[in-house]
1. Can you find, within segment 113-127, the residue that is farthest from the ligand (Cβ to nearest atom) among those that are without any contact (Cβ under 8 Å) to a residue 40 or more places away in the chain and open to solvent by less than 50 Å² (accessible area, probe 1.4 Å)?
2. Which one is farthest from the chain's Cα centre (by Cα), of the residues in segment 128-149 that are more than 9 Å from the ligand (Cβ to nearest atom) and of a type in the set (Asp, Glu)?
3. Would you point out which residue out of Ser110, Ser136 is over 30 Å from Leu43 (Cβ atoms) and buried (at least 17 other Cβ atoms within 10 Å of the Cβ)?
4. Which condition number in (1) more than 16 Å from the ligand (Cβ to nearest atom); (2) closer than 29 Å to Leu43 by Cα is the one that Pro93 fails?
5. Any idea which of Asp74, Asp39 is modelled with pLDDT of 55 or more and out of contact with any Phe, Trp or Tyr (no Cβ under 9 Å at 6 or more places or on another chain)?
6. Collect the residues in segment 53-104 that are polar (S, T, N, Q) and either in contact (Cβ under 8 Å) with a residue 60 or more places away in the chain or open to solvent by less than 40 Å² (accessible area, probe 1.4 Å) (or both), keeping them in residue-number order.
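The values are calculated or read from the model by the stated rules, or taken from the named source; none is laboratory data. This is a predicted model, so every value here is computed, not measured. No Cβ is skipped: glycine too gets one built from the backbone with ideal geometry, and neighbour counts run over all protein chains shown. Just so you know, the surface numbers come from the protein's heavy atoms only, side chains and all, with ligands and any DNA or RNA stripped out. Shrake-Rupley method; radii C 1.70, N 1.55, O 1.52, S 1.80 Å.
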Amino acid sequence: MHFSPRRLTRRSLLRYAAGSTMAAIALGYLRPGRGQSVDLEKLCTLFPLNSRCEDYAAGVAAIGASGQPLNPEDLKTTAKIGDRVLAQGLAKPVYLVITEPGAIAPYAISTVCTHFGCIVNWQAETRKFICPCHESQFDDLGRVVRGPAPRNLGLTTVILKPDQVRLAEVAPAIDPR
Ligand code: FES
């Protein structure tokens with residue numbers, strides 16, 4: 001864009017400034033550089049199927065009871081519909097939700113009781129999460145069914161890759177409750 005002092009009006013100056021800002025944002029987003037990993041982490045956490053995320057793994061690997069990373073293919077054979085599978089990797093463990101044979105929900109249920117922060121346990125027989133500290137109970141999606149816990153258990157994001165289950169400490173796009 002060429003400016004001559006005589007033709008530089010307020011309107012053209014504003015248009016130029018707006019165009020420059022948009023270009024800077026676009027370049028900052030697309031250009032590889034220092035901020036890329038942060039941008040990709042956000043992008044791929046929120047939109048794991050985005051084409052830019054094929055080779056990028058947002059979040060942390062979900063670790064199973066054996067101490068090894070959980071593999072979606074293995075869960076197809078070991079987990080049943082309705083199972084809750086304990087997964088480590090974040091600051092506190094979470095429970096994965098098996099919705100169909102081999103299908104893992106895109107959200108996981110936090111194990112942290114909303115009363116005083118004890119770690120709840122899954123009881124498959126009653127299909128409830130039970131807090132060992134003051135006996136709060138939560139249903140199979142983490143909703144409070146008995147206090148003193150004041151709120152439902154939290155949810156985190158699960159990102160599924162062909163050979164990996166990953167966890168991200170952000171609210172999931174889908175809230176089943
Ligand atoms: S910490 Fe869970 S009921 Fe009190």
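1. Result: Trp122.
2. Asp139
3. Ser136
4. Answer for Pro93: the failing condition is (1).
5. Asp74
6. Hit for segment 53-104 is Asn71, nothing else.
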